[in-house]
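Working notes for the structure below.
Only the coordinates and a few stated rules stand behind these numbers; no lab work does. Note that the structure is predicted; figures quoted are calculated from it, not measured. Reconstructed Cβ throughout: ideal geometry from the backbone, glycine too, with neighbour counts over all protein chains shown.
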Amino acid sequence: MKNQRSNDQDQLYGERIIENAELLCFPNPNTTRIYEISIELPEFTCKCPFSGYPDFAKLSLNYQPAKKVLELKSLKLYINSFREVRISHEEVVNNILDKLVISSNPIWMNIEADFNPRGNVHTIIKASHGIKK
């Protein structure tokens, strides 16, 4: 096949960018007002740690920034880095929340992962940090 890569050294440029992604933030442009940011990431994927089958979810992130705001492209790349990771629904949601909180130090943050049904089971995981004002 022409498109098949010969080895792991031949990563596509998108794979290299995702692998090297860092969560970035920028200064909150309005620290005099408490406001809320809502972000949807409808194409989240990871792998089941037991079967290796892909899991798909829509992530909804809501937060009230303090001094920093998450930069969207870096967030997208960070979220895409889970595509090949074998991790449970519960663990991935909590890991993502922990990393986002460490990076942005928000007043309040909530993440909800609505996983596509598999085997007639539909799972929604919610995790929060801080107190919403």
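Against the test of being out of contact with any helix residue (DSSP H, G or I) (no Cβ under 9 Å at 6 or more places or on another chain), farther than 30 Å from Q11 by Cα and surrounded by 13 or more Cβ atoms within 10 Å (Cβ to Cβ), the options K132, K58 yield a single qualifying residue, K132.
Checked against the criteria, S88 does not count as touching a strand residue (DSSP E or B) at 6+ places or on another chain (Cβ under 6 Å) and over 17 Å from L41 (Cα atoms).
Just one of (1) within 15 Å of the chain's Cα centre (by Cα); (2) without any contact (Cβ under 8 Å) to a residue 12 or more places away in the chain fails for S51. It is (1).
Whenever a residue of the stretch 62-83 is under 17 Å from E112 (Cα atoms), its partners that are of a type in the set (D, E, K, R) and surrounded by fewer than 18 Cβ atoms within 10 Å (Cβ to Cβ), lying with C-beta atoms within less than 8 angstrom and at least six residues away or across chains, give the pairs N62/E36; Y63/E36; Q64/E36; Q64/K132; Q64/K133; Y78/E22; Y78/K99.
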